[in-house]
């Protein structure tokens, strides 16, 4: 049974979890937390950093450089380095006693203000249950999978704890297993839909977007992605791709409904600065480490 709370109660009791994996380049954590500092809508939530693979005396070094008002509110959850991001989310949901979770992966970057309010409003609009994401797609893993393969991507999604822990995840031993969890025939999204609940996206203006409207929403691989609330490395790669590749990826995501206008060098330059501004600042000031796998 999902605990139904008022908006204010959920706002205060939501666990916002960011995944930091040992070996990640520091700019990833900077991207997330500096983008979080754009506004103060996060003030009344619980901020968690999932430290994946860190030793008992280790932590993400970026955290020490955050403003004290933010750093002092962050809670740490240490887990081993087994598995991938989905494994880490399940470990966090099992360990943290909050009714509602908002998970961000290592590559997530907030692209607008009021993000937590927008997520909560969207969650309330679908009945206080179901699934709210920032990006989603119809893309199939295999050619003979059903179309459209509606699924929420895992770079930024809100879900009730009880709902999440009762998802039939199947094996999560390989990257392919995690892809199946996200976009396979028995995906998290599909299980929620089959249970009669709703799945929606929320954009940077707070608009709640149902699956039938995703192809033209300007969110993931649509138009110029101008309405993205939360982006990641896949969104960035699409912004920087040549027009022919952008069209191909958009068709994989949305078939005949795909909308991918041509962009020029100026647009790519703007996108590069948008996605790399904190990394560039770090390199200019202090340098940065590099090297990570995609776990």
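Since every read-out is calculated from the coordinates, none of them should be taken as a lab result. These figures come from a predicted structure and were not determined experimentally. Note: ideal-geometry Cβ built from the backbone for every residue, glycine included; neighbour counts use all protein chains shown.
Tabulated values for the structure
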| quantity | calculated |
| --- | --- |
| Region 109-230: antiparallel DSSP beta bridges as a percent of all, rounded to 5 | 70 |
| Considering only the chain, percent of DSSP beta bridges that pair antiparallel, nearest 5 | 40 |
| Packing rank of 29-39, 267-277, 227-237, where each peptide gets the mean count of other beta carbons within 10 Å, highest leading | 227-237, 29-39, 267-277 |
| Cα extents of region 48-134 along the three principal axes, largest first (Å) | 42, 30, 23 |
| MRE, 222 nm, helices only [DSSP H, n ≥ 4, -39500 (n - 2.57), over the chain, to nearest 500] | -10500 deg cm²/dmol |
| Set of region 96-122 residues, backbone N closer than 19 Å to the point 7 Å along the Cα-Cβ line of residue 39 | 102-104, 109-122 |
| Mean separation of Cα contacts under 8 Å, 6 or more apart, over the residue count of the chain: relative contact order % | 20 |
| Highest-first arrangement of 100-107, 159-166, where packing means the average Cβ count within 10 Å | 100-107, 159-166 |
| Rounded to whole Å, sorted largest first: equivalent-ellipsoid semi-axes of region 7-214, Cα gyration tensor | 26, 21, 15 |
| Length released on extending from residue 257 to residue 57, taking residue separation times 0.36 nm less the Cα-Cα span | 66.9 nm |
| Span from the region 32-106 Cα centroid across to the region 177-221 one, whole angstrom | 24 |
